[in-house]
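Okay, structure first, notes after.
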Amino acid sequence: VILIIAGTDRKNSNTRKIANHVQALFTENGAETQLLDLAELQQSSMGGPYYGKAVGPDALVRAQELVLNADGIYVCVPEYNGSMPGALKYFIDHWKYPDAFEFRPFALCGLGTTWGGLRPVEHLQGVFGYRNAFIYPERVFLREIYKIMQDGALTDPFLLDLLRKQVQGFLAFVNALKAAGLDANSRRTTASPS
Ligand SMILES: Cc1cc2nc3c(=O)[nH]c(=O)nc-3n(C[C@H](O)[C@H](O)[C@H](O)COP(=O)(O)O)c2cc1C
């Protein structure tokens with residue numbers, strides 16, 4: 001399963017709309033998906049006692065299970081004040097580590113105005129890289145996001161094609177890591193008992 005994260009809790013966000021497109025592209029390429037929109041994960045379900053543990057209120061545990069069981073994780077991230085939204089970092093800070101990060105494949109797409117979310121994407125590369133994730137090298141940046149969304153949809157064939165190629169490449173990346181037994185889930189199932 002590929003988990004797609006819409007990385008803001010802003011209701012009716014452009015990020016969620018792009019995540020819907022990305023989900024359709026994964027489906028078109030035969031992948032099973034789950035979509036997690038941070039607007040549906042109450043911030044009140046997180047907090048001090050639950051950092052890094054995969055425990056806590058049901059909604060948080062379920063969200064963490066999606067992360068821990070995914071074969072690959074695709075994050076759509078908007079730029080807020082030169083970085084990722086605090087809500088996304090706050091959610092990530094609740095993930096169980098190293099399990100939620102280490103040897104887990106990630107792909108990234110940024111949204112923004114002038115720079116198309118370059119900064120939050122690179123900040124996320126720093127975070128996931130620090131935690132030993134496998135980061136798919138091809139990223140997509142959606143610039144001038146207010147102009148390219150027509151009635152809430154992405155219609156530009158060039159941009160849709162960039163996303164399609166990235167999705168196809170990421171699926172090949174996930175499958176190659178799995179075939180080699182390198183990704184987190186393969187290690188978990190093939191590890192010899194100690
Ligand atoms: C709090 C906030 C801060 C923002 N800061 C930036 C920014 O620093 N750079 C940028 O390109 N866009 C910025 N934007 C615009 C977002 O990139 C834009 O709203 C876009 O639609 C993606 O966000 P959304 O998913 O919330 O719709 C900001 C938006 C908000 C709500």
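The values are calculated or read from the model by the stated rules, or taken from the named source; none is laboratory data. All of these numbers come straight from a predicted model, not from anything done at the bench. Cβ atoms come from the backbone with ideal geometry, glycine included; neighbour counts cover every protein chain shown.
Some observations on this one:
- No other residue among A153, A180 is within 16 Å of the ligand (Cβ to nearest atom) and among the small types (G, A, S) apart from A153.
- Single condition G116 does not satisfy, out of (1) in contact (Cβ under 8 Å) with a residue 60 or more places away in the chain; (2) more than 15 Å from the chain's Cα centre (by Cα); (3) crowded, with 17+ Cβ neighbours inside 10 Å: (1)
- When T113 is tested against (1) farther than 22 Å from V1 by Cα; (2) in contact with a strand residue (DSSP E or B) (Cβ under 8 Å, 6 or more places away or on another chain), exactly one condition is not met: (2).
- When F106, F134 are checked against the criterion of being of a type in the set (F, W, Y), in contact (Cβ under 8 Å) with a residue 40 or more places away in the chain, closer than 21 Å to I2 by Cβ and more than 16 Å from the ligand (Cβ to nearest atom), a single residue qualifies: F134.
- Selection of first residues in segment 22-42 that are on the phi < 0 side of the Ramachandran plot and of second residues that are acidic (D, E), restricted to Cβ pairs under 8 Å at least 6 apart or on distinct chains, gives the following pairs, ordered by first then second residue: L38/D9; A39/D9; L41/D9.
- Of the helices (runs of 4 or more DSSP H) contained entirely in segment 59-159, those carrying at least 2 residues that are over 28 Å from A180 (Cα atoms) and at pLDDT 95 or above fall at 86-92, 118-130.
- If only residues of segment 119-128 that are more than 16 Å from the ligand (Cβ to nearest atom) and farther than 25 Å from T189 by Cβ are counted, the one that is surrounded by the fewest Cβ atoms within 10 Å (Cβ to Cβ) is G126.
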